[in-house]
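Before any comments, here is the structure.
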Protein chains: 2
Amino acid sequence: MEQFAKYPQQSAWWQSWHKDPPENTRDKILYAAFCEVHLNGFQAASIQNIINSAGVTKGALYHYFSSKDEIGYALLDEIFTQYIDSTFVEVLRDTDDPISALVEHLNQTGSQMSEEDIALGCPLDHFSQEMAPIDTAFQKRLDQLYQKKHTALVDALKRGQKAGNVTRDVTAESIAMMVHATMQGCMAMAKSSRSLEMLMQCGAGLIHYLEQLRPSS
Amino acid sequence: MEQFAKYPQQSAWWQSWHKDPPENTRDKILYAAFCEVHLNGFQAASIQNIINSAGVTKGALYHYFSSKDEIGYALLDEIFTQYIDSTFVEVLRDTDDPISALVEHLNQTGSQMSEEDIALGCPLDHFSQEMAPIDTAFQKRLDQLYQKKHTALVDALKRGQKAGNVTRDVTAESIAMMVHATMQGCMAMAKSSRSLEMLMQCGAGLIHYLEQLRPSS
DNA sequence: GTTTACAAACCGACCGTTCGGTATGTCAAG
DNA sequence: CTTGACATACCGAACGGTCGGTTTGTAAAC
């Protein structure tokens, strides 16, 4: 665990999944792999780079993971699952006013993004674009993660509809897909333009859309 | 130009940029590179695969392109630019009712997508997710392409506002970003789930949003 | 005779992976 | 309290293969 010169140490993406630097060998490898994959994509991620920045040897890596693909699976099953939970599921778990919760979450997330965070974009979306079409084992795991996000959204929106905080003109499923897709698109737009302003403007559009979903407006 | 066994010959993505199979060597290389990059991403795209499927030799490839990066630049400057023009700019060029034009375009595009098209996703979005954070030369070109799309949208929306077909409650720029981001997100969602139904449902959400942008509704 | 358009052989670097070996720990038998 | 058997956690040199790229050769076009 020496240097991650190229990976932003204070990355909002990083902070979301783990506060403490990893101690045991396996976690060191996973964390280094997460950074390397986020920077270069999975296929271009180098085992050598991973072990260099993790400060472990190749033998150690292949002791814990039988192949590069297995590292990818572990990233999805452990790190990315945790990432979705902490950045999204928890935000919506206990509210019956999901619109307010989402708007607040968008504002908060946007405000604490650095230029580097924006340039790197969402690690999960990047992973999905790259690996979903290539390998069904990856695709199934990625789909599962998005399903998790989708379900959290739908449940919260249904609670909101029940509580009279969300319009019933549109189904919760439809709103959830729209919100999810648009969030993904906003991050992608900001990433390609490397512009925080772009993220905020896209976010404003999404917030405007969300506000229109309140009943009797 | 032997086989593209793994690339769908009747791909909607392919048809959009060129009707005729390429004849001269340079175009053969570019077309093969487009397929290879769309399938595997740019970094994982193999020069060997490109020359194999293009039916040319390595000497021919490096006669026309000084490096792999130059092939990527050529793809963006020529193929992808043409792709944006034919799939998007032309759709909006001469209309002052952009909402109807977009809705029709979405319905038409969605209906002619195969399962393979969906699994592969938008080639430009994939390229952008992968290369924008890594290399500024790529990022600038990618940003330029999205700007082209954005400008086409903004111009059409402003004409629509002038003609009274689009609400003036929201700026054309804001609508354009929202539409662009959501389209991107819809394609990404459908890609990761490999589901045509997902694409149609996301598209329905976007269409609903668009219809709400008509004045006095 | 020079230039253009390839063709084919070849290069070192790096890839993911393997494998023989070691250091340390555990735990039960003697 | 020691000893032998086995397990876990590594170590790092080496492997076959592929990578992007180069060099040299050739034959037609101008």
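The values are calculated or read from the model by the stated rules, or taken from the named source; none is laboratory data. Keep in mind that this is a model prediction, so the values were computed, not measured. Cβ placement follows ideal geometry from the backbone for every residue including glycine, while neighbour counts extend to all protein chains displayed. When the accessible area is computed, the model is the full protein with side chains, heavy atoms only, and any ligands, DNA or RNA have been set aside. Shrake-Rupley method; radii C 1.70, N 1.55, O 1.52, S 1.80 Å.
If I take every Cα pair under 8 Å that is 6 or more residues apart in chain B, average their sequence separation and divide by the length, what percent do I get for the relative contact order? Kindly include the intermediate steps, with their values, before the conclusion.
On the way: 221 pairs, mean separation 50.5, N = 217.
Over chain B, the number comes to 23 percent.
Rounded to the nearest 100 Å², what's the accessible area chains B and A bury against each other, both chains counted, probe 1.4 Å?
Summing both chains' loss of accessible area gives about 3600 Å².
Using a 1.4 angstrom probe on the protein heavy atoms only, could you order B:177, B:198 from most to least accessible area?
Highest to lowest solvent-accessible surface, that is B:198, B:177.
How would you classify region A:113-158 from its alpha-carbon gyration tensor, with a ≥ b ≥ c the square roots of the eigenvalues: rounded for a/c under 1.5, else prolate if a/b is greater than b/c, otherwise oblate?
Oblate is the answer for region A:113-158, as a/c is 1.5 or above yet b/c matches or exceeds a/b.
By residue number, which cysteines of chain B lack any other Cys whose Cβ falls under 4.7 Å from their Cβ?
B:35, B:122
What accessible surface, in Å², does a 1.4 Å probe find on residue A:214, ignoring ligands, DNA and RNA and rounding to the nearest 10?
Approximately 70 Å² for this residue.
Leaving ligands, DNA and RNA out of it, work out the accessible area of residue B:46 with a 1.4 Å probe and give it in Å² to the nearest 10.
Estimated to the nearest 10 Å², residue B:46 gives 40 Å².
How do B:140, A:162, B:149, A:28 stack up against each other in accessible area, from largest to smallest, with a 1.4 angstrom probe? Each step should come with its number before you reach the end.
Values: B:140 135, A:162 175, B:149 30, A:28 50 Å².
Heavy-atom accessible area, descending, gives A:162, B:140, A:28, B:149.
Short version: ³J(HN,Hα) in whole Hz for each residue of region A:159-171, in order, from phi by Karplus 6.51 cos²θ - 1.76 cosθ + 1.60 (θ = phi - 60°), x for Gly and Pro, what are they?
Once θ is set to phi - 60°, the couplings for region A:159-171 become 4, x, 5, 4, 7, x, 9, 9, 4, 9, 5, 10, 5 Hz.
Longest span of chain A, sites excluded, free of GluC sites (Glu not before Pro) in DSSP loop with at most 10 other C-beta atoms within 10 Å?
The answer is A:24-217.
Can you work out the accessible area per residue across region A:12-211, with the rest of the protein chains kept in place, probe 1.4 Å, in square angstrom?
Spelled out: the 1.4 Å probe surface of region A:12-211, per residue, equals 39 Å².
Kindly identify residues of region A:114-131 having a loss of at least 40 Å² in accessible area between the isolated chain and the assembly of all protein chains, probe radius 1.4 Å.
A:126, A:129
Roughly speaking, to the nearest percent, how much of chain B's 1.4 Å accessible area is carbon and sulfur?
Carbon and sulfur together cover 47 percent of it.
Return the Rg/Rh ratio of region B:113-209 with Cα-based radii and a Kirkwood Rh.
Here Rg/Rh amounts to 1.03.
Using protein chains only (no ligands, no nucleic acids) and a 1.4 Å probe, work out which residues of region B:167-184 have their accessible area cut by at least 10 Å² relative to the chain alone.
B:170, B:174, B:177, B:178, B:180, B:181, B:182, B:184
Above 32 angstrom, tally the Cα pairs of chain A and express them as a % of all pairs, no decimals. Before the final figure, lay out each step's value.
Numbers: 5143 of 23436 pairs.
For chain A, the share of Cα pairs beyond 32 Å comes to 22 percent.
Quickly estimate the mean residue ellipticity at 222 nm for chain A, helices only: each DSSP H run with n ≥ 4 gives -39500 (n - 2.57), and the total goes over all residues, rounded to 500.
Value at 222 nm, helices only, nearest 500: -20000 deg cm²/dmol.
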